[in-house]
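Let me begin by handing over the structure; questions about it come next.
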Amino acid sequence: MTQPARTKQDVVAEFRQSEIIDAARRVIARDGPQKASMERIAEEANISKGTLYLYFDSKGALVREATERGHAEMAAYVNAAMSDAGSAIGTINAYVRSTLAFCDEHEMLFRAMNTYPDSDGDVTSNAVARYVDGYIERLQQVVQQGVDAGDLRPVNARRFARLLVEAVRGIVIERLREKAPLPVNEDAEAIVAILLDGVRA
């Protein structure tokens, strides 16, 4: 089925919407998700509050759209790091380090991503679940390749991938709670060492 041709008005509306989302992200980064009011976002975008509501009917809808883009950017960043890693263990390391680094560099956006995770009101299809599933599927393949190559001992690749993703998410949350989190490399090395080598003395 042929898609209808986009009009000039469509292009202008998409451009204006993108500008508003960029403005929202700047306000979130500067003020935090709770203080990112529609008034502040409209001011940052150089539009009236009334015009802002023509594009987004609520702060929640706007922040969710901004965080949806944040998830997409994070996935691109993490996947690129994993692609350059080579071995299974290197790829696992790359996943951990790049995820921690991205969340550190975009702390306020990550807080918003946790505050407004659902892009359409359906918990089964929210942005967090979609991207988490993507990481797990890719890591499952990597782990299985490592097992097949003899670099990792036989494990349930799916379970290990889920454990890895949840461990990293947990450490990200701890880092957000800490006034002075450990360096990314230190936390990353600890996660990988515990999951690959265990903690038995």
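The values are calculated or read from the model by the stated rules, or taken from the named source; none is laboratory data. Nothing here was measured: the structure is a model prediction, and the numbers come from that model. Ideal geometry is used to build each Cβ from the backbone, glycine not excepted, and the neighbour counts take in all protein chains shown.
Where residues in segment 175-184 are surrounded by 12 or more Cβ atoms within 10 Å (Cβ to Cβ) and under 20 Å from the mean Cα position of the chain (by Cα), which of them is nearest to Leu109 (Cα to Cα)?
We begin by selecting, within segment 175-184, every residue surrounded by 12 or more Cβ atoms within 10 Å (Cβ to Cβ); these are 175-176, 181-182, 184.
Remaining after also requiring under 20 Å from the mean Cα position of the chain (by Cα): 175-176, 181, 184.
Working: Arg175: 14, Leu176: 12, Pro181: 18, Val184: 18 Å.
The extreme case among them is Leu176.
Condition check ((1) free of Cβ contacts under 8 Å to residues at least 40 places away in the same chain; (2) of a type outside the set (A, V, I, L, M)) across all residues:
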site: Ala24; (1), (2): no, no
site: Glu43; (1), (2): yes, yes
site: Gly50; (1), (2): yes, yes
site: Asp57; (1), (2): yes, yes
site: Glu68; (1), (2): no, yes
site: Ile89; (1), (2): no, no
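Out of everything in segment 152-174 that is under 19 Å from the mean Cα position of the chain (by Cα) and among the basic types (Lys, Arg), what residue ends up being farthest from Ile89 (Cα to Cα)? Quick ask: steps written out before the conclusion?
So in segment 152-174, the residues under 19 Å from the mean Cα position of the chain (by Cα) come out as 161-174.
Cutting the leftovers down to among the basic types (Lys, Arg) gives us 162, 169.
Numbers: Arg162: 16, Arg169: 19 Å.
The residue in question is Arg169.
Ok, one more. Which condition from (1) touching a Leu at 6+ places or on another chain (Cβ under 7 Å); (2) without any contact (Cβ under 8 Å) to a residue 60 or more places away in the chain is the one that Glu174 breaks?
(1)
In segment 96-106, is there at least one residue being surrounded by fewer than 17 Cβ atoms within 10 Å (Cβ to Cβ), under 18 Å from Leu164 (Cβ atoms), at pLDDT 90 or above and of a type in the set (Gly, Ala, Ser)? I'd like the intermediate steps shown before the answer.
So in segment 96-106, the residues surrounded by fewer than 17 Cβ atoms within 10 Å (Cβ to Cβ) come out as 101, 104-105.
With under 18 Å from Leu164 (Cβ atoms) added as a condition, the list becomes 101.
If we keep only those that are at pLDDT 90 or above as well, we get 101.
So of that shortlist, the ones also of a type in the set (Gly, Ala, Ser) come out as 101.
The answer is yes; a qualifying residue exists.
Considering each of Arg64, Arg97, Arg111 in turn, give the residue that is assigned to a helix (DSSP H, G or I), of a type in the set (D, E, K, R) and closer than 30 Å to Arg153 by Cα.
Values: Arg64 fails: closer than 30 Å to Arg153 by Cα; Arg111 fails: closer than 30 Å to Arg153 by Cα.
Testing whether each residue is assigned to a helix (DSSP H, G or I), of a type in the set (D, E, K, R) and closer than 30 Å to Arg153 by Cα leaves just Arg97.
Also: Somewhere in segment 137-153, is a residue within 24 Å of Lys35 (Cα to Cα) and modelled with pLDDT under 95? Can you show your working first?
Just the residues of segment 137-153 that are within 24 Å of Lys35 (Cα to Cα), to begin with: none.
The answer is no; no qualifying residue exists.
Mind listing whichever residues of segment 23-61 are aliphatic (A, V, I, L, M) and either assigned to a helix (DSSP H, G or I) or in contact with a strand residue (DSSP E or B) (Cβ under 6 Å, 6 or more places away or on another chain) (or both)? Steps first, answer last, please.
Step one: of segment 23-61, the residues aliphatic (A, V, I, L, M) are 23-24, 27-29, 36, 38, 41-42, 45, 47, 52, 54, 61.
Those that are aliphatic (A, V, I, L, M) and either assigned to a helix (DSSP H, G or I) or in contact with a strand residue (DSSP E or B) (Cβ under 6 Å, 6 or more places away or on another chain) (or both): Ala23, Ala24, Val27, Ile28, Ala29, Met38, Ile41, Ala42, Leu52, Leu54, Ala61.
So, one more: Looking at segment 72-94 only, could you name the residues that are part of a loop (DSSP other than H, G, I, E, B) and either modelled with pLDDT of 95 or more or of a type in the set (A, V, I, L, M) (or both)? Even if it seems obvious, please write down each step before you answer.
Step one: list which residues in segment 72-94 are part of a loop (DSSP other than H, G, I, E, B), which gives 84-87.
Hit for segment 72-94 is Ala85, nothing else.
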